[in-house]
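See structure below.
Just so it is clear, none of the values below were taken in a lab; they were calculated from the coordinates. Just so it is clear, the model here is predicted, and its values are computed rather than measured. A quick note on method: Cβ atoms are made from the backbone with ideal geometry, for glycine too, and the neighbour counts reach across all protein chains shown.
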Amino acid sequence: MIEPRDLAKTDATADPAAQAFEALRGEVALLRRAMEGLAAEHRSLEIPDYSESLARITSVVSSIGKRLVALSELPAFGLSPQDFGDKILSASAAAREQDRQMILAGRNALREAVSQMTQRLQSAREADKQAKALLWAAGGGALLGMFVWGLCFAPILHRFGIAFG
């Protein structure tokens, strides 16, 4: 901008257009000095060296890229959500089928064990009944033998004179 005293000097010698150009020249000169100051300030700034940081970032990004490639090759990433759900359902159905087979096998084994125990218990009961019947038969046979001896043979032997002692 032009100072007021400069306008006073030019006021007497020039017309308004000359004054306007003179004011414009002052503003341009001021802008030029400001730009030169900015350029000098810009040249004095030190730009840091980011090559080491950029190398580390590049290394990390490369490592992540390799991991992503390895992950993208997994079969699960080729499935749609519907396919993934179907796979889960079929795997759970297979697991439930295996569990069902194991439960059936366990139930059959338990039934077989109960059946064998029942048969053995019945066999033991029958053996006990047979032992009791045998004792009764032996006792009854002994009593019958004594009765027959006493009624049949004892009078005959007594008649022949054979005495019992």
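Comparing ALA113, ALA124, ALA40 in a Gaussian network model of the chain where C-alpha atoms under 10 Å apart are linked, the largest mean-square fluctuation is found at ALA40.
Of all the options ALA91, ALA23, ALA105, the one that moves most in a Gaussian network model of the chain with Cα springs shorter than 10 angstrom is ALA23. Neighbours of SER90 by Cβ distance under 13 Å: Lys/Arg scored +1, Asp/Glu scored -1, total -1. Enter the Cα centre distance for the pair the range 17-86 and the range 120-165, rounded to the nearest angstrom. Taking the Cα centre of the range 120-165 as reference, the centre of the range 17-86 is 122 Å away. Would you mind classifying the chain by shape? Square roots of the alpha carbon gyration tensor eigenvalues, ordered a ≥ b ≥ c; an a/c under 1.5 is rounded, otherwise it is prolate if a/b is larger than b/c and oblate if not. Since a/c reaches 1.5 and a/b is larger than b/c, the shape of the chain is classed as prolate. Here the residues PHE21, PHE160, ranked from fewest to most Cβ neighbours within 10 Å of their Cβ, fall in the order PHE160, PHE21.
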